[in-house]
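What follows is a set of notes on a single structure, which appears directly below.
The values are calculated or read from the model by the stated rules, or taken from the named source; none is laboratory data. Everything numeric here is computed off the predicted structure, so don't read it as measured data. Please note: Cβ atoms are built from the backbone with ideal geometry, for glycine as well, and neighbour counts cover all protein chains shown. Surface accessibility is based on the protein's heavy atoms, side chains included, excluding ligands, DNA and RNA. Shrake-Rupley method; radii C 1.70, N 1.55, O 1.52, S 1.80 Å.
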Amino acid sequence: MASSMFQPIADPFVETDPVRRERDRFAAFAFCAADVLLELDTSQTVVFATGAVKALLGRPPEDLVGRRLPELASPEYSGLVSAVLSSARAQTRMNPVAIRLAGEHGPTPPLLTTGYFLPRLPHIGGHYYLALRLDTDQLSPGRERHAESGLLDTQSFASAVSRHLARPDRELKVTLVQVGNLDTLRRKLDEESRKALMATVGAYLKASSVDGDSAVQFGEERFGLLHDRNDSIAPVWKQLREFTRAIDPDGVGVDIADSDLDLAALEAGGEGLSQSDIARVLVHAVSAFDVEDMGDTGLDAMTRDLGAVARSAADRIRRFRKTIADGSFMCAFQPIVDVATRRPHHFEALARFSGDAGISAGSEIAFAEEIGLIGEFDLKMVAKVVEWLRTTNRLGMRYHIAINISGRSLSSGRFLADLLALLEDADDVRRQILFELTETSRIGPVTRAAAAVTRLRALGHNVCLDDFGAGAATFQYLRAFDVDVVKIDGALVHEAVHGRKGMAFLTAVVGMCEDLGIITVAEMVEDEHTLEVVREAGVTLAQGLLFGAPATDVSAYEAPRPFNFEGSRRTGG
């Protein structure tokens, strides 16, 4: 009797069946990283659903049973879901992919979906086991896509590649794809079939890529994707060939050739480069695939050429970084004069690279813009001008200098923080510095860049919008930014010199700026006739060879009296 007092009491909440206990344990682990769990049969039909289905879709989990998952997806993701599941069946493992399901009140937020296809299980055969979790960072609404395929454009793909390759936790590679006869097949089909074809091509490529959204369409028959290095995408091409043969009235379909960019070799040759630099090199090479005319060149040969492009870019990055680190470039200064008096008003600082005579500052800075190093250079340029101003002030000469800052730089919060810190340490000369916002086409979030402009103006710096009129978006930037000066693009000045329409447009731009309290500068004033035209249009300041070429020694120019732009810029409100 006594011994019975020490017998364990059965806990009604403890599962005694070891099989069920293991099942429940795995389900609990799955819910640690998932909001919804789904089981599908080989026809992609839901046979079991649990989790936050009601909250996400507005219906209970049991309503999903008996429905095919592609049909439950938001329509634009139906093809992607089918392709992902087909790929998983061929490869067993399903790469993470972001999808949206069709909810009662519209598409769900992005759901990062992972899983396996287990081909042989006792009693039930092959089934899919999927875990879905909310991940709103997976799909960026700002990404630009091709309308029919849904694939990224080159710039958005470049951003995706840079972001993923900067993470050292995954081994990735880029595969370039040539889909031969695709354009011919498209011409055979009616509009609805063409849309289905391109949507399916896009779905298969996305399904094989990192996060299900790292594939690009370069041209009519050129594509690319970033994917795990160890994944074989040959089964995807087989499925795509079969699909295109089925949709082709002649039963021909497409020819698919692919070739990998050798990232391992690129990383091995990347001595002195950071992981993000290697990503920049790869993006530069991949972007070349967008514009390169293949002609009769095979894809393998083209890929080797792109490898050479990548190696060249790596060398240029190393050289450019050394230039920045050493400060081995000079500042030249070009006068910007008052149109009425022809007296220098301020000077624009321009970089001049020393060393190899074949290297132009313009091409190197353009490369830095493209590759994403311009922010580092812009900071170095500001530091150089600060030291130059300190030297000339000690000599009794006081100048106002305009320094170029790329729109790409100003879109970076880190760049702005570094720039403000640099300016804080340069309080003795800071009021002699104004900034020209260049390469506005590379501005990312306009609101961020506009806030940066506001910060600089609040510190007392005048800001100039460069190359106004060079693109349709310049009027958008004028609306978004509170600037003090607008530099009118030389092409508009040229058109004003050579025609009434151009003159009318220049006069209208100047009048608009006057109404906004913005000072105007005309570029490329090379002769007296051009000066007379811009004066007649009402332009306040001018820059060009008529007044002097950029020079490292400004003593040849009359030193301007200290002068600040009138703070008359009218802000929106």
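Looking only at segment 507-540, count how many residues are closer than 16 Å to Val483 by Cα and assigned to a helix (DSSP H, G or I).
8
Is segment 452-462 home to any residue that is crowded, with 18+ Cβ neighbours inside 10 Å, more than 26 Å from Gly362 (Cα to Cα) and of a type outside the set (A, V, I, L, M)?
Yes, there is a match, as at least one residue in segment 452-462 is crowded, with 18+ Cβ neighbours inside 10 Å, more than 26 Å from Gly362 (Cα to Cα) and of a type outside the set (A, V, I, L, M).
Return the residue satisfying two criteria in turn: it lies in segment 215-242 and is acidic (Asp, Glu) and within 21 Å of Val81 (Cβ to Cβ), and of such residues it is surrounded by the fewest Cβ atoms within 10 Å (Cβ to Cβ).
That would be Glu242.
Within segment 243-256, how many residues turn out to be in contact with a strand residue (DSSP E or B) (Cβ under 6 Å, 6 or more places away or on another chain) and either open to solvent by 20 Å² or more (accessible area, probe 1.4 Å) or assigned to a helix (DSSP H, G or I) (or both)?
Selection size over segment 243-256: 2.
Is it true that some residue in segment 308-329 is at pLDDT 80 or above, touching a helix residue (DSSP H, G or I) at 6+ places or on another chain (Cβ under 7 Å) and not in a helix (DSSP H, G or I)?
The answer is yes, given that some residue of segment 308-329 is at pLDDT 80 or above, touching a helix residue (DSSP H, G or I) at 6+ places or on another chain (Cβ under 7 Å) and not in a helix (DSSP H, G or I).
Identify all residues within segment 317-343 that are of a type outside the set (D, E, K, R) and either exposed (fewer than 13 other Cβ atoms within 10 Å of the Cβ) or closer than 17 Å to Leu545 by Cβ (or both); write none if there are none. Break it down into steps so the answer makes sense when it comes.
As a first pass, look at segment 317-343 and keep what is of a type outside the set (D, E, K, R): 317, 320, 323-325, 327-337, 339-341.
Those that are of a type outside the set (D, E, K, R) and either exposed (fewer than 13 other Cβ atoms within 10 Å of the Cβ) or closer than 17 Å to Leu545 by Cβ (or both): Ala325, Gly327, Ser328, Ala332, Phe333, Gln334, Pro335, Ile336, Val337, Val339, Ala340, Thr341.
Taking the residues in segment 58-72 that are farther than 18 Å from Thr200 by Cα and part of a helix (DSSP H, G or I) as candidates, determine which candidate is least open to solvent (accessible area, probe 1.4 Å). Steps first, answer last, please.
First, pick out the residues of segment 58-72 that are farther than 18 Å from Thr200 by Cα: 58-67.
Imposing the further condition that a residue be part of a helix (DSSP H, G or I) reduces the set to 61-64.
Numbers: Pro61: 32, Glu62: 123, Asp63: 78, Leu64: 4 Å².
Among residues in segment 58-72 that are farther than 18 Å from Thr200 by Cα and part of a helix (DSSP H, G or I), the one least open to solvent (accessible area, probe 1.4 Å) is Leu64.
Spot the failing condition for Val493; the list is (1) surrounded by 23 or more Cβ atoms within 10 Å (Cβ to Cβ); (2) more than 30 Å from His529 (Cβ to Cβ); (3) at pLDDT 90 or above; (4) among the aliphatic types (A, V, I, L, M), and only one is missed.
(2)
Here are the criteria: (1) farther than 30 Å from Ala537 by Cα; (2) out of contact with any strand residue (DSSP E or B) (no Cβ under 8 Å at 6 or more places or on another chain); (3) not in a helix (DSSP H, G or I). Tell me which single one Thr392 does not satisfy.
Checking Thr392 against (1) farther than 30 Å from Ala537 by Cα; (2) out of contact with any strand residue (DSSP E or B) (no Cβ under 8 Å at 6 or more places or on another chain); (3) not in a helix (DSSP H, G or I), the one that fails is (3).
I need the full set of residues from segment 523-545 which are buried (at least 16 other Cβ atoms within 10 Å of the Cβ), of a type outside the set (S, T, N, Q) and within 15 Å of Arg343 (Cα to Cα), in order please.
Of everything in segment 523-545, those that are buried (at least 16 other Cβ atoms within 10 Å of the Cβ), of a type outside the set (S, T, N, Q) and within 15 Å of Arg343 (Cα to Cα) turn out to be Val525, Leu531, Val539, Leu541, Ala542, Gly544.
It is to be established whether one or more residues within segment 365-374 are loosely packed, with under 14 Cβ neighbours inside 10 Å, of a type outside the set (Asp, Glu), within 28 Å of Gly219 (Cα to Cα) and at pLDDT 80 or above.
Start the filter on segment 365-374 by keeping residues that are loosely packed, with under 14 Cβ neighbours inside 10 Å, which leaves 366.
Filter again for of a type outside the set (Asp, Glu), leaving 366.
This time we only want the ones that are within 28 Å of Gly219 (Cα to Cα), so: 366.
Now narrow it down to the ones that are at pLDDT 80 or above: 366.
Within segment 365-374 (the criterion being loosely packed, with under 14 Cβ neighbours inside 10 Å, of a type outside the set (Asp, Glu), within 28 Å of Gly219 (Cα to Cα) and at pLDDT 80 or above), the answer is yes, since at least one residue qualifies.
Looking only at segment 194-215, decide whether some residue is part of a helix (DSSP H, G or I) and of a type in the set (S, T, N, Q).
The answer is yes, given that some residue of segment 194-215 is part of a helix (DSSP H, G or I) and of a type in the set (S, T, N, Q).
Report, ordered by the first and then the second residue, all pairs with beta carbons closer than 9 Å, sequence separation of six or more or different chains, a first member in segment 363-389 that is farther than 21 Å from Val161 by Cα, and a second member that is of a type in the set (Gly, Ala, Ser) and open to solvent by 50 Å² or more (accessible area, probe 1.4 Å).
Note: pairs meeting the criteria are Lys380/Ala325.
So which residues in segment 398-413 are assigned to a helix (DSSP H, G or I) and either open to solvent by less than 20 Å² (accessible area, probe 1.4 Å) or free of Cβ contacts under 8 Å to residues at least 12 places away in the same chain (or both)?
Gly407, Ser409, Leu410
What residue, of Ala383, Ala340, Ala332, Ala357, is among the hydrophobic types (A, V, I, L, M, F, W, C), assigned to a loop (DSSP other than H, G, I, E, B) and at pLDDT 85 or above?
Only one candidate passes the filter, namely Ala340.
Return the only residue of Ala158, Ala203, Ala199 being farther than 18 Å from His284 by Cα, open to solvent by less than 40 Å² (accessible area, probe 1.4 Å), aliphatic (A, V, I, L, M) and touching a helix residue (DSSP H, G or I) at 6+ places or on another chain (Cβ under 6 Å).
Result: Ala203 is the single residue among Ala158, Ala203, Ala199 that is farther than 18 Å from His284 by Cα, open to solvent by less than 40 Å² (accessible area, probe 1.4 Å), aliphatic (A, V, I, L, M) and touching a helix residue (DSSP H, G or I) at 6+ places or on another chain (Cβ under 6 Å).
Among the residues of segment 222-236, write down those that are in contact (Cβ under 8 Å) with a residue 12 or more places away in the chain and either farther than 11 Å from Val201 by Cβ or of a type in the set (D, E, K, R) (or both).
Restricting attention to segment 222-236, the residues satisfying the condition of being in contact (Cβ under 8 Å) with a residue 12 or more places away in the chain are 222-233, 235-236.
Result: Arg222, Gly224, Leu225, Leu226, His227, Asp228, Arg229, Asn230, Asp231, Ser232, Ile233, Pro235.
Let me spell it out: the conditions are (1) over 18 Å from the mean Cα position of the chain (by Cα); (2) under 23 Å from Arg100 (Cα atoms), and Lys238 meets all of them except one. Which number is the exception?
(2)
Any residue in segment 39-67 that's over 20 Å from Val84 (Cβ atoms): show its pairings with residues that are modelled with pLDDT of 90 or more and polar (S, T, N, Q) at Cβ separation under 9 Å, as long as the two are six or more apart or on different chains.
Sorted first by the residue in segment 39-67, then by its partner, the pairs are Val65/Thr45; Gly66/Thr45.
If you check Leu182, Leu165, which single one turns out to be modelled with pLDDT of 80 or more and surrounded by 15 or more Cβ atoms within 10 Å (Cβ to Cβ)?
Of Leu182, Leu165, the one residue that is modelled with pLDDT of 80 or more and surrounded by 15 or more Cβ atoms within 10 Å (Cβ to Cβ) is Leu182.
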